[in-house]
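Since the structure comes first, as structure tokens, the remarks are kept for the end.
The values are calculated or read from the model by the stated rules, or taken from the named source; none is laboratory data. Keep in mind the model is a prediction, meaning the values are calculated, not measured. We place every Cβ from the backbone using ideal geometry, glycine too, and count neighbours over all the protein chains shown.
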Amino acid sequence: MERILFGDNQFFGVNHMSEEKARAQSVRFKDTQAIMEVLDIAYEEGIKVFMCTTHERIAEVCDHVRANPEKYADFQFYPCMPYAHKYANAVTEYGMIEALKRFLPEQGKLGAMLKGGMSLAKKDVEGLAQLLIDAEMKMFHGLRTPVIFLQNVVTDLLLGLGFDDAFKYFADYVKEKYDAEPGFITMNLPRLLDVLDKAGVDNPIVCSNINKIAFRMCGGKELYEKTIATRRFRPIAMSVLASGAISPREALEYVCGQKQIESIVFGASSRGNIRQTAQLIRDLDRIS
Amino acid sequence: MTESRTTARVRLAMVGLGKMGLSHLAMFRPHPDVELVAVCDTVGYVLDTLEKYTGVKPYTDYNKLLEQEQLDAVVIATPSKTHGAMVRAALDRNQHVFCEKPFSLDPAEGLELAELAERKGLVTQVGYHYRFVGAFEEVKRLVDANAIGKLHHARIEAYGPVVLRPKPATWRTSKSEGGGCLYDYACHGLDLLNHLVGPPSNVRGAVLNKIFSSDVEDEVYASMYYGNGMSAQLAANWSDESYRKMSTKVTLWGTEGRIYADRQEVQVFLRGDAKPELGLVEGWNARYTTELTDEVWFYLRGEEYSAQVDHFVKHVQLRDPNTRCSFRDAVQADVVVGMTLRDAQRADASDDGAPARAAQPAAEGGSWWKRVRGS
């Protein structure tokens, strides 16, 4: 995995500190061109991975990268699926089955599953999950996606409900079909690792909030630090700046000081911030 | 967080496995002080899937569930019109109840249930999760401490993308089943207002307007009067996709300043001197969710959802009926919803487009309010 990953929250109006700021960002990035400009800056600064939600607008980013293979020779995507609001809103709007139908490219398949006595619950959840993964991955066709993540809303929903085997299904399918490493995003790192161990997902890539103020680190800072230091998994730190609640140097010193953390994902919109953050990480890595 | 494990785990069943039900299930189940006994729903495929993959015990018949299992509490997340009978059945068996909002489509029935639970000393809670949002809790703290002096106006707004085009019917789009923006977005806003400034004595100028739905309103506007120079306005629109998800914000004006808050931040403008005891300087103050939010034991979709679950579990363990959002609190929201509905109907009945009522709102049912407030 690359050490520095570029995130996408800033492009889609996600900001944990301010709705106003989030909206201003939505306006700024309404054209995919504006997103590409920032991605280009990050790429120029040596950040080769774009860790992104399978938001429908990412499809346009994919098109652009596909159309310019030379320019983006080293560019990689780490897709994070699904873009959950799309599903949540659809479930509210259409009900569960109808919503599923809408997201599946091969309606026939689901129809057959539902009809032929092989009801949803017969419950071929594994088969259904595969259809949904394929639907989400469609936009990345022909692009490099060496790591594919399950978004935290889904990871943590499955974790909460106790669908422990689902993690193994996801991991196996992503490896087999996309030749990619499975990754899991969670807000409940220690608990998820317990379940992944039990489910037989070995040495998993897990991305979670890791920041000095313990923002959204369920189980607490101490347990996180101990977990990172002692357990067998490949940690990625996100929300390291806690949406700006911590100064960049202090924030990155905390993360870079934990040697087991393999990668750091961050989002930024200006060349100055991108360069500063990437430089800080590289400097801190050199020192220690 | 649960500091004491000396109390027995709460034996609990989850009823209704729609979107909210699954979300609650995913938070109650991993709670260290909860023993999830069973789940109940009429939809077979959700039940079957859960049973097959998570091993939970399924019921399709709510009464059978109550008969066959020894429960301390039930969590009800079924369509609103079914709440009344289900809640009563649980209370009759002396079980504590967490119920999704809106609590009851019939405030009189809701009040009866609240009173029944109170007589029995049972713990009740309704899922108005905004009461557990750190930023809004901070507003409550500031309001209770008179941070901006005497309040004279409040504005509550809720926008988001639920109904964005004409669409097939579900219970959420059926008026008689408690669908519509009023029972969904608006009633969150009304409850939050009740929580912050108390319930109004009048609702006027209510607008319930359809944008895309055929049976229910997609936007709600209303003015609330409190009888002491204080007023409030509500605006709710669930057909606004310029918001990524439901977004609720509140603004309060007082003689000594203004407070604005949404899920992410609280901004206070203080007109007079600093109030160091409240951590406020003169002029602008800002506090953010990162500092206002307490850690939760399990995170799914916002700390407030986890916090309300933990709050209920703790109160059940302690047999403490004073939850932050009891049935009685929720009935107060239902009553304001009813007032809004009646006012909108009055306006509808007038065919010249002007509201058929006196310019000055008259006081509405004083003794009824006394009973609802429990005073």
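Taking only region B:174-222 into account, find how many residues are farther than 17 Å from B:ARG131 by Cβ, outside any loop (DSSP other than H, G, I, E, B) and charged (D, E, K, R).
Going through region B:174-222 one residue at a time, the tally reaches 4.
Quick one: how many residues across region A:35-85 are outside any loop (DSSP other than H, G, I, E, B) and either on the phi > 0 side of the Ramachandran plot or not polar (S, T, N, Q) (or both)?
First pass over region A:35-85, keeping only residues outside any loop (DSSP other than H, G, I, E, B): A:35-44, A:49-53, A:58-67, A:76-81, A:84-85.
Those still in the list that are either on the phi > 0 side of the Ramachandran plot or not polar (S, T, N, Q) (or both) too: A:35-44, A:49-52, A:58-67, A:77-81, A:84-85.
Of the residues in region A:35-85, 31 are outside any loop (DSSP other than H, G, I, E, B) and either on the phi > 0 side of the Ramachandran plot or not polar (S, T, N, Q) (or both).
Residue by residue through region B:23-43, note down the ones that are assigned to a helix (DSSP H, G or I) and more than 7 Å from chain A (Cβ to nearest Cβ).
Result: B:SER23, B:HIS24, B:PHE28.
Might you let me know whether region A:151-165 holds any residue that is more than 14 Å from chain B (Cβ to nearest Cβ) and not polar (S, T, N, Q)? Let's see the steps before the verdict.
Within region A:151-165, the first condition is being more than 14 Å from chain B (Cβ to nearest Cβ), and the residues that meet it are none.
No: region A:151-165 contains no residue that is more than 14 Å from chain B (Cβ to nearest Cβ) and not polar (S, T, N, Q).
So, A:ALA166, is that one among the aliphatic types (A, V, I, L, M), modelled with pLDDT under 95 and surrounded by fewer than 20 Cβ atoms within 10 Å (Cβ to Cβ) or not?
On the way: among the aliphatic types (A, V, I, L, M): yes; modelled with pLDDT under 95: yes; surrounded by fewer than 20 Cβ atoms within 10 Å (Cβ to Cβ): no.
So A:ALA166 fails the test.
Could you tell me whether B:ASN63 is more than 14 Å from chain A (Cβ to nearest Cβ), closer than 24 Å to B:ARG119 by Cα, in a helix (DSSP H, G or I) and not aliphatic (A, V, I, L, M)? Give the steps one after another, and end with the answer.
Values: more than 14 Å from chain A (Cβ to nearest Cβ): yes; closer than 24 Å to B:ARG119 by Cα: yes; in a helix (DSSP H, G or I): yes; not aliphatic (A, V, I, L, M): yes.
So B:ASN63 fits the description; yes.
If the requirement is being touching a helix residue (DSSP H, G or I) at 6+ places or on another chain (Cβ under 7 Å) and under 29 Å from B:ALA73 (Cβ atoms), which of these qualifies: B:GLY160, B:GLY189, B:GLY178, B:GLY198?
Working: B:GLY160 fails: under 29 Å from B:ALA73 (Cβ atoms); B:GLY189 fails: touching a helix residue (DSSP H, G or I) at 6+ places or on another chain (Cβ under 7 Å); B:GLY198 fails: touching a helix residue (DSSP H, G or I) at 6+ places or on another chain (Cβ under 7 Å).
Residue meeting the stated conditions: B:GLY178.
Which one of the conditions (1) free of Cβ contacts under 8 Å to residues at least 60 places away in the same chain; (2) of a type in the set (A, V, I, L, M, F, W, C); (3) more than 14 Å from A:THR186 (Cα to Cα) does A:ALA242 fail to meet, given that it meets all the rest?
A:ALA242 satisfies all of (1) free of Cβ contacts under 8 Å to residues at least 60 places away in the same chain; (2) of a type in the set (A, V, I, L, M, F, W, C); (3) more than 14 Å from A:THR186 (Cα to Cα) except (1).
Among the strands (runs of 3 or more DSSP E) contained in region B:74-173, which hold 1 or more residues that are at pLDDT 95 or above and assigned by TED's automatic domain parsing to the domain that holds B:VAL34? Step through it out loud before you land on a result.
On the way: elements: B:96-99, B:124-126, B:151-159.
The strands (runs of 3 or more DSSP E) meeting that bar are B:96-99, B:124-126.
Take the residues in region B:289-310 that are outside any loop (DSSP other than H, G, I, E, B) and without any contact (Cβ under 8 Å) to a residue 60 or more places away in the chain; name whichever of them is surrounded by the most Cβ atoms within 10 Å (Cβ to Cβ). Lay out the reasoning, then the answer.
So the first thing to find is which residues in region B:289-310 are outside any loop (DSSP other than H, G, I, E, B), and the list is B:289-292, B:303-310.
After this cut, where a residue has to be without any contact (Cβ under 8 Å) to a residue 60 or more places away in the chain as well, the list is B:290-291.
On the way: B:THR290: 22, B:GLU291: 15.
Per the stated criteria, the residue is B:THR290.
Select from region B:1-22 the residues that are touching a Ser or Thr at 6+ places or on another chain (Cβ under 7 Å), within 12 Å of chain A (Cβ to nearest Cβ) and at pLDDT 95 or above and list them in ascending order.
So the first thing to find is which residues in region B:1-22 are touching a Ser or Thr at 6+ places or on another chain (Cβ under 7 Å), and the list is B:15-16, B:19.
Keeping just the survivors that are within 12 Å of chain A (Cβ to nearest Cβ) gives B:19.
Answer for region B:1-22, where residues must be touching a Ser or Thr at 6+ places or on another chain (Cβ under 7 Å), within 12 Å of chain A (Cβ to nearest Cβ) and at pLDDT 95 or above: there is none.
Going residue by residue through region B:164-177, is there one that turns out to be over 26 Å from B:ALA85 (Cβ atoms), out of contact with any Cys (no Cβ under 9 Å at 6 or more places or on another chain) and without any contact (Cβ under 8 Å) to a residue 40 or more places away in the chain? Break it down stepwise before answering.
Pass one, region B:164-177, residues over 26 Å from B:ALA85 (Cβ atoms): B:164-168.
From the residues that got through so far, the ones that are out of contact with any Cys (no Cβ under 9 Å at 6 or more places or on another chain) too are B:164-168.
Those still in the list that are without any contact (Cβ under 8 Å) to a residue 40 or more places away in the chain too: B:168.
Yes, region B:164-177 has at least one match.
Pull up region B:44-57, narrow it to residues that are within 10 Å of chain A (Cβ to nearest Cβ) and assigned to a loop (DSSP other than H, G, I, E, B), then point me to the one that is surrounded by the fewest Cβ atoms within 10 Å (Cβ to Cβ). First the steps, then the outcome.
Going through region B:44-57, the residues within 10 Å of chain A (Cβ to nearest Cβ) turn out to be B:44-56.
Keeping just the survivors that are assigned to a loop (DSSP other than H, G, I, E, B) gives B:55-56.
Details: B:GLY55: 9, B:VAL56: 19.
In this case the residue turns out to be B:GLY55.
Let me spell it out: the conditions are (1) in contact (Cβ under 8 Å) with a residue 24 or more places away in the chain; (2) surrounded by fewer than 22 Cβ atoms within 10 Å (Cβ to Cβ); (3) more than 14 Å from chain A (Cβ to nearest Cβ); (4) closer than 20 Å to B:LEU318 by Cα, and B:ARG88 meets all of them except one. Which number is the exception?
(4)
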